[in-house]
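Presented below is the structure to which this report refers.
The values are calculated or read from the model by the stated rules, or taken from the named source; none is laboratory data. Model, not experiment: these values are computed from the prediction. Here the Cβ positions follow ideal geometry from the backbone for every residue, glycine too, while neighbour counts run over all protein chains shown.
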Amino acid sequence: MKRLYVILTLVLIIGFVSGCSDKKDKPEMTEQLNGTWNGTINVPGQPLNIIVNFEQKDELAGTISIPVQNVADFRLSEIKLNDDKVNFKMPLQGQEVMLYGTIDKNKIEETFTLSGQSFPFELKKGDTTAGQPEEEEDFLTIGRNDSLKRLAKRLAENGIASLRYDKRGAGKNQEAVITEEDIRFDRFVEDAEKWIELLEQDKRFTDIIIIGHSQGSLVGMMAAEDSAADAFISIAGAGRTIDEVLREQLETLPDELYDESESILEELRRGNRVEEVDPQLMSIFKPSVQPFLMSWLNYDPTEEIRQMSIPTLIINGKNDVQVSVKDAENLAAARPDAELLLIDKMNHVLKEAPENRDENLATYSDPSLPLADGLVEGITNFLKENQINK
């Protein structure tokens, strides 16, 4: 009899809420705005690639995708077009996010604002769907890298079912919102534990394997402790505490901002909130999200993985510009009995990519690219070796 398996894939996704648009647009400018726009928000130390789509139906509508954060096709609100000026809103949980732009032929540029701080952005008109393979058209959409969908599909071909879900307040879990002040890292772990408990009661599945990607790696390993999980797989999971990761990511900041970020991290490590934060650091250290960061600081991935006793596979791409091979090696050193798989050319979104950072990040919004060679094979071989996928 064919056996079924389930993988709980833990990823973190931010979402945007839909809304209304301005109907007083000039037809010629609306026609010029319609279509797909690709570009970057120049956040210090961490530029964000974005894809924005505009379409005129009964009213002007739009969506935004942020591939690096696995955000895809979330609706924009309050889209307003006046002459060559366009602005639109992304009402995040507890935050006010606006983009103000000027249209110049096939380019939109101006200002992105978040919680009182502003960053420049630039969008250029262009379609990212060219070259998609026909066999993938059923689930590939503009502005998505679809890495996790592709992984789920490939695993299904090997008799492995999968469950993926949005975190609280995001995507399809918008209604399960928690205020910014009250959210804690432990809540993500508790939610994952509830999913494991639910799946344990489902007679369709014989085994539960947790796959945690990026931040979900730490969530997954913590949820797996004392649970019904039969195996754990970390993909691109940090092997250091979040303050160490942030210090490395913020090294590109000007000295004054980097020194301030160091000071803030030290205070958070001591359990103290910092109310005075430079506007340019607000996207990371906004006072209302500091309690969440402090709760996250309590956990060291190497300590958590050391406590696990179930079969464990640690995967990292050699061309991951967000989580280094050293992180995977740190996790493997903490669990000597775990299997370590380092995949040539694989980046953070599980695609083959060049080492050059800009070229690497460009793959984040190219859904036509397949998963890196060796990823699915590595997972299925690990499960078979541990008599989980027989």
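General observations
- Number of residues in the range 354-379 that are within 21 Å of S217 (Cβ to Cβ) and modelled with pLDDT under 95 equals 4.
- Given (1) crowded, with 16+ Cβ neighbours inside 10 Å; (2) in contact with a Lys or Arg (Cβ under 8 Å, 6 or more places away or on another chain), number of the condition I379 does not satisfy: (2)
- Any hit, the range 317-333, residues being more than 30 Å from A152 (Cα to Cα), in the same structural domain as V245 (by TED's automatic domain parsing), hydroxyl-bearing (S, T, Y) and not in a strand (DSSP E or B): no
- Close pairs (6 angstrom Cβ cut-off, 6 or more residues apart or separate chains): assigned to a helix (DSSP H, G or I) in the range 21-46, modelled with pLDDT of 70 or more anywhere: M29/L81; T30/Q56; L33/F54
- All positions within the range 307-364 that are out of contact with any strand residue (DSSP E or B) (no Cβ under 7 Å at 6 or more places or on another chain), free of Cβ contacts under 8 Å to residues at least 40 places away in the same chain and polar (S, T, N, Q): S309, S324, N356
Each row is one residue, and each column tells you yes or no for (1) crowded, with 18+ Cβ neighbours inside 10 Å; (2) touching a Lys or Arg at 6+ places or on another chain (Cβ under 9 Å).
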site	(1), (2)
Y258	no, yes
R270	no, no
V277	yes, yes
I284	yes, no
V289	yes, no
M294	yes, yes
D300	yes, yes
I305	yes, yes
I314	yes, yes
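- Any chance M294 is modelled with pLDDT of 95 or more and within 30 Å of T113 (Cα to Cα): yes
- Test for I142: is it crowded, with 17+ Cβ neighbours inside 10 Å, over 29 Å from D278 (Cβ atoms), in contact with a strand residue (DSSP E or B) (Cβ under 9 Å, 6 or more places away or on another chain) and at pLDDT below 75: yes
- The listed residue being at pLDDT below 85 and among the β-branched types (V, I, T), out of I160, I196, I178, I103: I178
- Residue in the range 118-125 that is of a type in the set (G, A, S), at pLDDT 70 or above and either touching a helix residue (DSSP H, G or I) at 6+ places or on another chain (Cβ under 8 Å) or closer than 30 Å to N87 by Cβ (or both) present: yes
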